[in-house]
Structures are given as C-alpha cells and as structure tokens.
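> Okay, here's the structure, questions in a sec.
What follows draws every value from the coordinates through simple rules; no lab data is involved. Computed from a prediction, not measured in an experiment: that's the story for all the values here. Every residue, glycine as well, gets a Cβ built from its backbone with ideal geometry; the counts of neighbours run over all protein chains shown.
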Amino acid sequence: MRIGVVGLGVVGLVTGAVLADQGHEVVGVDIDQNKVKGLQCNRSPIYEPGLDELLLKNKNRFLFTTDYSALKDVDIVFITVATPTVEGKNYIGYVLDAAKTMKPYLKRDAIVVVKSTVVPGTSRKVKQIVEREVVANPEFLKEGSAVIDTIKPDRIVIGSDSKAAGDVIENLWSFTKTVVLRTSIEEAEMIKYAANSFLATKISFINEIANLCEVIPNCDVNTIAKAIGLDKRIAPYFLNAGLGYGGSCFPKDTLAFASFARELGEELKIVEAAIKVNEERPRRAVKIMEELLGELKGKTICILGIAFKPNTDDTRESVALKIAKLLVDIGANVIAYDPKAKTSLVEMVSSKEECVKRSDGVIIATEWDEFRGIEHMLKDKAVLDGRRVLDPNKMSRSKYRAIGLSKVR
Ligand code: UDX
C-alpha cells in the first residue's frame, strides 16, 4: 500500500519505518525543513534503539518531504503531529492544520488515521475537515523501546465509524499478531488517556505509600510494592517509587485529561490527586536534602541523571531539572552529570566521579545503570537515592536517605 505519515516525531518516524519494513511505500511529511533535510541524508533527529537501522534498510521505501502534495496517491495517511498541552489543555491545532493542508491532495477513498494523542471528539473534527473516513488508532509506545512496542504492542485499538475503513487498518497491523479492539472513534481516543492516567496514578499511589514508609520504622516501599504486585489484579508493573513521573506524555496527558473532564462538568478526582502528588515530588527531594545538610544556600549539590528516565537523552518534564531549579532558586550551587542528556540550566560535568567529588550532597534522580554499585564513591557525602539504585546496607545511616525507606532503621 501507499502510506503517508504527517509529523515526523518519535511516533511518526517509528510508525513509518515499521510499515516501510513491512513492504509498504511510505511518504513522511513534516513542516520542519531541517528535520526533513537531515532525514533525506539518513540523519535521524531522535535516538531510538533500532530506528536508524530500520530507516537505513528501508530508505528507498520511506521518503521524506515538506510538500503535502506528495500525499496525492496514498491509500492511508497517519496524522502523528504533536499535541502539546497548552495552558493545561490538549492543543489540537496542529492536528486540524495537518488535516486542512492534506485535504486537497487526498484520493477520494483515502483513509485518515489519527495517531496523535487527542481528546475525544477531535478525530470527528478531522473527519469533518477531510470529508473522508477517519480511524482513531492511538499508540502506546514508550521512549527507548518505541520500535519494539510498535512491532509487538500489548493491544491495537481501532476506532471507526465505518467497518470497512477499520478493517483496512486492522489488516495493516495484522503482522503484529496482537489483540485488536474495535471501538467507536471516541472510545479509542478515550482509551489512550485512561491508560496513561491509570499508569500515572499507579506511580503516584506508590509514591504516597513511599512517603508513609519513610516515617514508619523498618519499612521499605520496595517490599510493599513487590508483595502487592504479586496479586495478579494489581500486577508488579509501574510500582517503582521514586521522585515522580516525567517525560513527554504522563504530565501533559494527565493535565489535559483532567481539564477536558472539567470542561464537561465532571471531575477526575483521582487523576487530579495523582497530578498533585507528582507535583510535590521535587519539593520533597529538596526537603530531604535540607534535613541531611541543613541550609542548602551556598552548598554544592550534585544531581546524578537529568533525563526523565534512563536510556534516553530526553529531559522533557524531567523531575531532575525541576529539583535543580528549586535548588538554584534557594541559592545552592547545582552541578549535574548524565550519560546522555544535556541541559543549560545548570553546570554539566563530564563524569559522575567529578560530580560527586565537588559536592556536599548527591541526589540520584535517574536510574541509569552506571549509578548502581557506586556506594563506595559516596562516603562522606549526604545522599538522597531518589530512584533506589543503591544498596542501603552499604550506606552510612546518618547521611543517607532513600525514597520509600524508613528514616529510622
Ligand atoms: C509513557 C507510556 O508508558 C506510554 O505507553 C505512552 O504512550 C507514553 O508515555 P514514556 O513517557 O516513554 O511512555 O515513559 P515510561 O517508561 O512510561 O515512564 C514515564 C515516567 O514514569 C518516567 O519518568 C519514569 O521514571 C516514571 N516511572 C515509571 C516511575 O516513576 N515509576 C514506575 O514504576 C514507572
């Protein structure tokens, strides 16, 4: 088939590359000339394991352009443009613009697939604009495993008015051999938000249990999480207590979902609580450091890990940077080390050894593998293990705190 992908971020590039690898002719459209030029010269704008290889292997089947007229022969076109949260709301302007711009070029029977994360009702607006069949087909990929998640997703959700259009998209993804759910367009849009909000809630839930563990003797949240996770109804995933969730999805999607509900006169109280718990995490990290070191003004704090999670250079909504900002605001000197990510907010140093050596206190903010087994380096320092990578038995009792571990042991 001939397939169009509009918006060449993580979702668009991975979707296009995986479909090209299935033998389809794919044309990728983006308004960013530099991005398109780079892709034409085999330079991917993002790092995702396996993506470069797929792009190279299929370079004759996945073409890149800024010109929407290249969509003139496509059978299916995916909309994968960004849907940022602006003033707490899901901004769908780029989705609607893409729909308007592509319309004049589309074949009469082309199917438009909305993959961007959009609040219920958006794909129907797209349908009114393009006057073609529209399918809502949300993605659930995680950064760092986007290619694998696209080839082997847990499920595929296809929301459509027309059975025939839904069948075409179901058939397109049949190589994944995954469970397919056929739904209404609105249900498909809703599923994405409900899934992300539920996962964010799970994290905030365990983070509150972690807070409580810290003030009870002989308690470790990891033991609690492991035990409750063995209940199949709860499941062990997304129960790692820490400094909170960041990244390009959870913070923005939970906010957008909650405000979407409010506009309809409903309140998502649990989601709103999950947001609040998460927003309090950076302040809590600073408070723990203050308990360890006293006043932080003039002290040097080393932050280990600034990416929003390990194995990515992405710092969007990274909790580490929120902590860094709070520390800078109270007059601490902040230095940071990360194996991949960069920031101009604070001084970045080139090794964890240097970062620790120059500091009074250390906050481990991202669980990169290379931060495991460094207990010996941390002697004489005040340490907050915000992601539970250190062995508590190897740490000094007076200068070390860990998220979810009793203050008194
Ligand atoms: C997420 C969803 O997993 C994915 O399905 C959706 O499509 C996009 O958003 P991603 O943002 O790539 O993917 O990262 P994810 O691995 O889910 O982690 C999100 C954040 O939650 C990270 O900051 C991570 O550190 C945090 N997290 C995750 C925890 O604090 N505890 C956990 O147990 C799991």
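> For the chain, with the dipole built from +1 on Lys and Arg beta-carbon atoms and -1 on Asp and Glu ones, taken about the Cα centre, which of 296, 205, 176 lies farthest toward the positive end?
Result: 296.
> Moving on to the next point. Which one of 41, 112, 80 has its Cα pushed farthest toward the positive end of the charge dipole of region 6-139, where Lys and Arg give +1 and Asp and Glu give -1 at the Cβ?
The one lying farthest along the dipole's positive direction is 112.
> In debye to the nearest 20, how big a dipole does region 194-402 give about its Cα centre with +1 on each Lys and Arg Cβ and -1 on each Asp and Glu Cβ?
About 260 debye.
> List the cysteines of the chain that have no other Cys Cβ closer than 4.7 Å: which are they?
Result for the chain is 41, 249, no neighbouring Cys Cβ within the cutoff.
> To continue, here is another question. Could you list 295, 133, 370 in order of exposure, starting from the residue whose Cβ has the fewest other Cβ atoms within 10 Å? List each step's numbers first, then the result.
Working: 295 10, 133 19, 370 13.
Fewest-to-most Cβ neighbours within 10 Å comes out as 295, 370, 133.
> Near residue 40, within a Cβ-to-Cβ distance under 15 Å, what is the net charge of the other residues, with Lys and Arg +1 and Asp and Glu -1? Walk me through the intermediate numbers first.
On the way: positive: 35, 37, 43, 59, 61; negative: 30, 32, 52, 67.
Charge balance in the 15 Å sphere: +1.
> For residue 342, give me every one of the lysines with a C-alpha distance below 18 angstrom, ignoring sequence neighbours fewer than eight places off in its own chain.
Within reach: 309, 322, 325, 352.
> Would you calculate a helix-derived [θ] at 222 nm for the chain, using -39,500 (n - 2.57) for each DSSP H run of n ≥ 4 and dividing by the full residue count, to the nearest 500?
Values: 14 runs with 156 residues, N = 409.
Only helices count here, giving -11500 deg cm²/dmol.
> If you take every DSSP beta bridge whose two residues both sit in region 194-402, what share of them, in percent to the nearest 5, is antiparallel?
0
> Something else now. Rounded to the nearest 5, what is the percent of antiparallel bridges among the DSSP beta bridges in the chain? Kindly include the intermediate steps, with their values, before the conclusion.
Values: 5 of 47 bridges.
So the antiparallel bridges amount to about 10 percent of the total.
> Evaluate the charge dipole of region 2-183 about its Cα centre and quote only its size in Debye, nearest 20, assuming +1 on the Cβ of each Lys and Arg and -1 on the Cβ of each Asp and Glu. Please report the intermediate quantities before stating the final value.
Details: 24 positive and 22 negative charges, 58 e Å.
Dipole magnitude for region 2-183 comes out near 280 debye.
> Which pairs in the list 287/399; 297/394; 115/192; 125/177; 142/287 are over 20 Å apart, alpha-carbon to alpha-carbon? Each step should come with its number before you reach the end.
Details: 287/399 14 Å; 297/394 29 Å; 115/192 10 Å; 125/177 31 Å; 142/287 31 Å.
Over 20 Å Cα-Cα: 297/394; 125/177; 142/287.
> Okay, next question. Where does each of 280, 263, 48, 291 land when they are ranked from fewest to most other beta-carbon atoms within 10 angstrom? Walk me through the intermediate numbers first.
On the way: 280 16, 263 9, 48 22, 291 12.
By the 10 Å Cβ count, ascending: 263, 291, 280, 48.
> Under a point spin-label approximation (7 Å from Cα along Cα-to-Cβ), what is the residue 212-residue 370 distance to one decimal in nm?
With each label point 7 Å from Cα toward Cβ, the separation is 3.9 nm.
> Among the listed pairs 59/103; 252/379; 89/127, which have their C-alpha atoms separated by more than 29 angstrom in this model?
Values: 59/103 26 Å; 252/379 38 Å; 89/127 21 Å.
Pairs exceeding 29 Å: 252/379.
> If you average the C-alpha positions of region 259-275 and of region 114-140 separately, how far apart do those two centres end up, in angstrom?
22
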